[in-house]
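The values are calculated or read from the model by the stated rules, or taken from the named source; none is laboratory data. Because the structure is predicted, anything quoted here is derived from the model rather than measured. As a convention, Cβ positions derive from the backbone with ideal geometry for all residues, glycine included, and neighbour counts pool all protein chains shown. Heavy atoms of the whole protein, side chains included, go into the accessibility calculation; ligands, DNA and RNA do not. Shrake-Rupley method; radii C 1.70, N 1.55, O 1.52, S 1.80 Å.
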Amino acid sequence: MTEILILYYSRWGATAEMANLIARGVEEGGAIAKIRRVPEVSPVCEATEDAIPASGPPYATLDDLRNCDGLALGSPTHFGNMAAPLKYFLDNTSALWFSGALSGKPAGVFTSTSSMHGGQEATLITMLLPLLHHGMILVGIPSTETALLETTSGGTPYGPSRHTGKDKTVSDEERQLCRAFGIRLARTAAALKQAGVR
Ligand SMILES: Cc1cc2nc3c(=O)[nH]c(=O)nc-3n(C[C@H](O)[C@H](O)[C@H](O)COP(=O)(O)O)c2cc1C
């Protein structure tokens, strides 16, 4: 069975909600969705957190990345870029880079912002860069997904996005694009796995 790792950081839950929508698309696309998140980075260097969080999805390990067939990577936009906890996690994946463990696996990215023009696309594009260094095959959203043309909130060709605004719920188009992205990632991962691309 094809397994897609949905790995994210979320401070207030908006990105987490997208992860769940993408997971539904992944399962609709015939794959197993494994949801994992990364812990906070403490500004107090001696502070530690329990290895197993009190609530929510477990924290990701390098083995989660090593064993997946595809990856959806999510972060809120923090000053036009991915949030530090996710970057910190990625900066500890050198062993996977050395061994080429992620090379040939499909991957895509998702984000949320509070402002309509608060840097969604900049965040998504910069999140793709480390995945290219790992040799991953990038998956976005094609314009055949009509919600991409109709959305007045989030949703980009570079990956699903969400504009949270003030108390704003996920729009129909944002929801549809999360789903379509999950399906596409699942099907791409299955096809690459079957073709023995890795
Ligand atoms: C440190 C920090 C920086 C942020 N920078 C941006 C930004 O550049 N553009 C924007 O639109 N929103 C920005 N936000 C707001 C978040 O991107 C937005 O609230 C997001 O939906 C939160 O997602 P989450 O609930 O998954 O944490 C920032 C929030 C924080 C805490």
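Numbers below:
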{"read-out": "Ranking by accessible area, most exposed first, for Tyr59, Tyr9, Tyr88, Tyr158 with a 1.4 Å probe", "value": "Tyr88, Tyr158, Tyr59, Tyr9"}
{"read-out": "Surface accessible to a 1.4 Å probe, Val197 within the full protein complex, Å²", "value": "70"}
{"read-out": "Cβ-defined net charge surrounding Pro85, 10 Å radius [Lys, Arg +1; Asp, Glu -1]", "value": "+2"}
{"read-out": "Formal net charge of residues neighbouring Asn67 (Cβ-Cβ distance under 10 Å; K, R +1; D, E -1)", "value": "-2"}
{"read-out": "Among beta bridges that DSSP assigns inside the chain, antiparallel share in %, nearest 5", "value": "10"}
{"read-out": "Accessible-area ranking of Ile125, Ile183, largest first, probe 1.4 Å", "value": "Ile125, Ile183"}
{"read-out": "Net charge of Cβ neighbours under 15 Å - reference Ile32; Lys, Arg +1; Asp, Glu -1", "value": "+1"}
{"read-out": "Size-normalised alpha-carbon gyration radius of the chain, reference 2.2 N^0.38 Å", "value": "0.96"}
{"read-out": "Gain on full stretching of the segment that runs from Ala95 to Trp12 - 0.36 nm per residue minus C-alpha separation", "value": "26.8 nm"}
{"read-out": "Among Glu145, Glu46, Glu174, residue whose mean-square fluctuation peaks in a GNM of the chain (springs only between Cα atoms under 10 Å)", "value": "Glu46"}
{"read-out": "Region 97-113 - phi-based ³J(HN,Hα) in whole Hz, Karplus 6.51/-1.76/1.60, Gly and Pro as x", "value": "5, 4, 8, x, 4, 9, 4, x, 8, x, 8, x, 9, 9, 8, 9, 9"}
{"read-out": "Accessible area in the full protein assembly, largest first, 1.4 Å probe, for Asp91, Asp69", "value": "Asp91, Asp69"}
{"read-out": "Shape metrics for region 1-75, restricted to C-alpha atoms - Rg then Dmax, Å", "value": "13.2, 43"}
